[in-house]
Amino acid sequence: MLKIKEPSVAGSFYTDDAQTLESQIKSFADASKNGYEYKTRAVIVPHAGLVYSGRLAYEGISQIDSNVKNIFIFAPAHRVAFEGIALSSFDRWKTPLGEIEVNQDICRELTEKHNANFNDDALAPEHSIEIEVPIIQSVFKGVKIIPVLIGRADYKIIFDILAEYYPNPENGFVISSDLSHFLSDENAQKLDERTAEMIETGNLDGFMFEQACGALGIAGLVEFANKNNYSLIRIDMTNSSETTNDKSSVVGYGCWFLYEGDKNEFIKKYYSDLVIHIAKIVLRSSFTNERATINYPQVLDELGACFVTLEKFGELRGCIGSIIAHQPLVTDLVQHAKDAAFNDYRFNPVTEDELKDIKVSVSVLTEPRKIEFSDEEDLLNKMVPNTDGIIVKDGGYQAVYLPVVWEQLPDKREFLNSLKMKAGLSPTHFSKTFEAYRFESIYIKEI
């Protein structure tokens, strides 16, 4: 006889009326801001009441590849304390939208390989898994779930499960987590942006439980992304004041998806036209004084560094940018489009009549990494033509060449000597304090 788990939080965290619930989830779909073409198999989504965070949860869950057959739901325990991770022994979970099957074969594997335990008492009062189930039911047909409740545990157990089950394309993963709790709107936004930066850069040094109640699940997914050179792409961020209008005490919500590759490559693949369009709009609006409103995906709100290059009839007309990501990429893009046109000291400001002849290109940079070398020959040996952008420093002298410069200077020594001269140094200069850094960039060019 099948064991069926009755809903625990229907009527409190979400409506217990099927028709109302269907209508509410449809409203999330209608209000969706998600324009991403890419389909993922792992997301971070919030788990508050559907009226507060349901739209973001829908944004993330609907981003999951429709071909998955199983969805793991990793969520933190709020009400029952226990060691390790807890599983459900029920064959099916019930919500007002019907029943969904639990993949007990995988659950048994988790008990055998990952020290998981069946603990229905821990799952019974918990909302952090159940709140995602109606959305999963509305988006997927015939999918099975693997509810995994996280107690006192090491985040590496989540990493290990991801590492084992992710290679099977039939498996999808939901990390259920809210962000900051009960801060003012202003303070919550600051803390949540810091959390977002950690997630998006893959650097969780100093990550605290105060930043996210599902911190262990998030850490497991971030570690998995780091190990595989994947990226976590922002879908949206908000907090409860969007619904309540009360900014005195809010709960933060964020939503990300896993991309199997580098974030900058993702931007180039899906948003090259938009990046160029934004730069061109900025140039035109500089002469009209019009405020241009441009809709763009939140991946461009992630920290990023770029150079904007202007060319006229194939000749350089301006180039300015940032080496270190210190502000949202879209802000960096707007700022340097203006600077390349009007503040490059090597050129007169661009005129309105010139705009029709100006071509724009944008280089989005990775974080610079110091090159360790014993002498100049060693440095030359470690430079990779057509891949490395190079920064040189010595005392107060500094200069940078983007990877695209290799097209004009393909010889390593010529490249380095020219870069030294750009920094104001002699081409033969070398000293014990001479430093070099490498970075890579994706190059987006107006056609």
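Where a number appears in this text, it was derived from the coordinates with a stated rule and is not lab data. Everything numeric in this text was worked out from a predicted model, so none of it was measured. Every residue, glycine as well, gets a Cβ built from its backbone with ideal geometry; the counts of neighbours run over all protein chains shown.
Assorted remarks:
- Computed over the range 82-196, Kirkwood Rh from alpha-carbon pairs, angstrom: 15.8 Å
- Environment charge of Phe439, counting only residues whose C-beta is closer than 15 Å and scoring Lys/Arg +1, Asp/Glu -1: -1
- Among the trypsin sites (Lys or Arg not before Pro) found in the range 373-447, those both in a DSSP coil and sparsely packed, with 12 or fewer other Cβ atoms within 10 Å of their Cβ, are Lys432.
- Euclidean distance of C-alpha centroids, the range 87-138 and the range 1-60, integer Å: 16 Å
- Among Val251, Val384, Val222, the largest mean-square fluctuation in a Gaussian network model of the chain (Cα springs under 10 Å) belongs to Val384.
- Acute angle (nearest 10 degrees) that the helix 329-342 long axis makes with the longest principal axis of the chain, alpha-carbon atoms: 20 degrees
- Using just its DSSP H runs of length 4 or more, each adding -39500 (n - 2.57), the chain gives a mean residue ellipticity at 222 nm of -10000 deg cm²/dmol after division by all residues.
- Between 0 and 90°, nearest 10: helix 185-201 axis offset from the chain longest Cα axis: 70 degrees
- The packing ranking of peptides 102-110, 291-299, highest mean first, is 102-110, 291-299, where packing means the average number of other beta carbon atoms within 10 angstrom of each residue.
- Comparing mean-square fluctuations of Glu132, Glu242, Glu22 from a GNM of the chain with C-alpha springs under 10 Å, the top value falls on Glu242.
- The range 185-205 and the range 225-296 have Cα centres lying 15 Å from one another.
- Tilt relative to the chain, helix 263-288 - C-alpha long axis, 0 to 90 degrees, to 10: 60 degrees
- Longest exposed-site-free window of the chain, the sites being chymotrypsin sites (Phe, Trp or Tyr not before Pro) in a DSSP loop that have at most 10 other C-beta atoms within 10 Å: 1-312
- Among Gly214, Gly261, Gly206, residue whose mean-square fluctuation peaks in a GNM of the chain (springs only between Cα atoms under 10 Å): Gly206
- Sorted fewest first by neighbouring Cβ atoms within 10 angstrom, Lys94, Lys5 come out as Lys94, Lys5.
- Orientation-averaged projection of the range 265-365 equals 6.4 nm² [convex hull of Cα atoms, one quarter of hull surface area].
- Placed amide H near Asp178: partners under 5 Å, 5+ positions off or other chain: His47, Cys213, Gly214
- Sorted ascending by nearby beta carbons within 10 Å, beginning with the fewest, Leu409, Leu402 become Leu409, Leu402.
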